[in-house]
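K.L.:
First, the structure itself, so that you have it in front of you.
The values are calculated or read from the model by the stated rules, or taken from the named source; none is laboratory data. Keep in mind the model is a prediction, meaning the values are calculated, not measured. Positions of Cβ are generated from backbone atoms using ideal geometry, with glycine treated the same way; all protein chains shown enter the neighbour counts.
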Amino acid sequence: MGQEEKYTSDHPDFVYSVGNRILHWTRALVITGLIITGFYIANPFLTPEGSSDKLVYGQWTQWHLILGFILIASGILRIYLFFFTKDSEGERRSLKDVLSIKSWITQLKSYFFIGELRKKGLYGPLQFITYSAIMILVILASVTGLILYVHMYHQGLGGWLYDSMRVVEVWMGGLATVRYIHHIVMWGYLIFIPVHIYLVIWSAIRFKHGAMDVMFTGYDYHLKKEQEKKEDDR
Ligand code: HEM
C-alpha cells in the first residue's frame with residue numbers, strides 16, 4: 001500500500017497557525033540563547049584582558065537582556081493567541097481531557113502500549129499540564145528577570161517598573177531568593193528540552209502521525225483508520 005493510501009493526505013488536520021509556529025521557534029532560539037548567556041552570567045569565566053574597557057561580562061548581560069525582552073514579548077503574544085484566537089480552539093479543547101479521569105487513564109495506558117491515545121483536544125492531559133508548566137516557567141523567568149533588571153537600570157523602563165518589581169521582590173523573599181529562582185528556572189528548561197525532543201520523536205513513531213512536521217507546516221497527518229476514529233470521537 002502506498003503512503004498516500006495509508007495517510008490522510010487529502011484532509012490533514014490544521015493544528016498550528018503561522019503565528020503559533022513562529023512564536024514556537026522564536027522561543028526555542030531565544031531560550032537557548034538565554035541559557036547560554038545565563039550560564040556565563042552565573043559563572044563569568046572570561047575576564048577582560050588587563051583592561052576594564054572590554055567589559056566582557058557587560059556584553060554577555062546585554063545579549064541576555066535583548067533575548068530576555070524578546071522572550072517577554074513572545075510570551076505575552078502566545079498567551080493572547082491561546083485565549084483569544086479561533087486557531088487555538090483545539091488547544092483550548094484539551095482542557096476537557098485534563099478534567100477527565102478517563103482521558104488521563106487512556107493517555108497513561110497508551111504510553112505503556114496498551115490501546116490507542118483518544119483525546120478530544122490537541123494535547124493529551126499530561127502533555128497539556130507539561131506545556132502549561134513550561135509557560136509558568138516563562139512567566140517566572142520574565143518576572144524574576146525584570147526584578148534583576150530594575151536593579152541594573154534605574155531610568156526608562158527600569159525606573160518605571162522599579163516600585164512594582166520591588167513589591168514582587170519582597171513577596172519572593174528578597175533579591176538573593178529572586179536570583180536563585182531565576183537560576184533554578186534555567187534547570188527547568190535544561191530538563192524539559194531533551195525530554196520534549198525525545199517525546200516528539202517517540203510520539204511520531206508510536207502514534208504514526210506528523211508530530212515533528214506539525215511545527216513546520218502547521219498540518220498533522222494520521223493513519224486513515226485513526227482519523228476515522230478521531231472524527232467519531234468529536
Ligand atoms: C528562559 C529564560 C531565562 C533563563 C534560562 C535565564 C537564565 C539566567 C541565569 C542562569 C542567570 C544567572 C543567575 C545567577 O547569577 O545565578 C541570569 C541572570 C539574569 N537574567 Fe536571566 N534568564 C532568563 C530570562 C530572563 C529574562 C526574561 C530577563 C529579563 C529581561 C532576564 C534578566 C536577567 C538579569 C538582569 C540577570 C542578572 C544579570 C547580572 O547579574 O549581571 N533573564 N539569567
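K.L.:
With respect to L117, determine if the residue is touching a helix residue (DSSP H, G or I) at 6+ places or on another chain (Cβ under 9 Å) and within 16 Å of the ligand (Cβ to nearest atom).
P.N.:
Criteria not met by L117.
K.L.:
Separate question: Considering only residues that are more than 25 Å from T130 (Cβ to Cβ) and not aliphatic (A, V, I, L, M), look in the range 174-189 and name the one that is farthest from the chain's Cα centre (by Cα).
P.N.:
Within the range 174-189, the match that is farthest from the chain's Cα centre (by Cα) is G174.
K.L.:
Looking for whichever is within 14 Å of the ligand (Cβ to nearest atom) and of a type in the set (A, V, I, L, M, F, W, C) here; the options are L108, L81, L95, L65. Which one fits?
P.N.:
Being within 14 Å of the ligand (Cβ to nearest atom) and of a type in the set (A, V, I, L, M, F, W, C) holds for just one of L108, L81, L95, L65, which is L65.
K.L.:
Would you check which residues across the range 120-157 are of a type outside the set (V, I, T) and near the ligand (Cβ under 10 Å from one of its atoms) and list them?
P.N.:
Scanning the range 120-157 gives L137, L140, A141, S142, G145, L146, L148, Y149, H151, M152, Y153, L157.
K.L.:
Let me ask something else about it. Does any residue of the range 177-198 turn out to be within 16 Å of the ligand (Cβ to nearest atom), under 24 Å from D87 (Cα atoms) and not hydroxyl-bearing (S, T, Y)?
P.N.:
Within the range 177-198 (the criterion being within 16 Å of the ligand (Cβ to nearest atom), under 24 Å from D87 (Cα atoms) and not hydroxyl-bearing (S, T, Y)), the answer is yes, since at least one residue qualifies.
K.L.:
Also, I was wondering about something else. Is it the case that some residue within the range 104-113 is more than 16 Å from the chain's Cα centre (by Cα), under 19 Å from Y219 (Cα atoms) and free of Cβ contacts under 8 Å to residues at least 40 places away in the same chain?
P.N.:
no
K.L.:
Quick one: which helices (runs of 4 or more DSSP H) sit completely within the range 21-117 and have at least 2 residues that are at pLDDT 95 or above and among the aliphatic types (A, V, I, L, M)?
P.N.:
Helices (runs of 4 or more DSSP H) meeting the threshold: 56-84.
K.L.:
Within the range 158-170, track down each residue that is within 13 Å of the ligand (Cβ to nearest atom) and charged (D, E, K, R).
P.N.:
Within the range 158-170, E169 is the sole residue that qualifies.
K.L.:
Take the residues in the range 207-220 that are closer than 20 Å to E116 by Cβ and in contact (Cβ under 8 Å) with a residue 60 or more places away in the chain; name whichever of them is nearest to the chain's Cα centre (by Cα).
P.N.:
Checking each candidate, the answer is V214.
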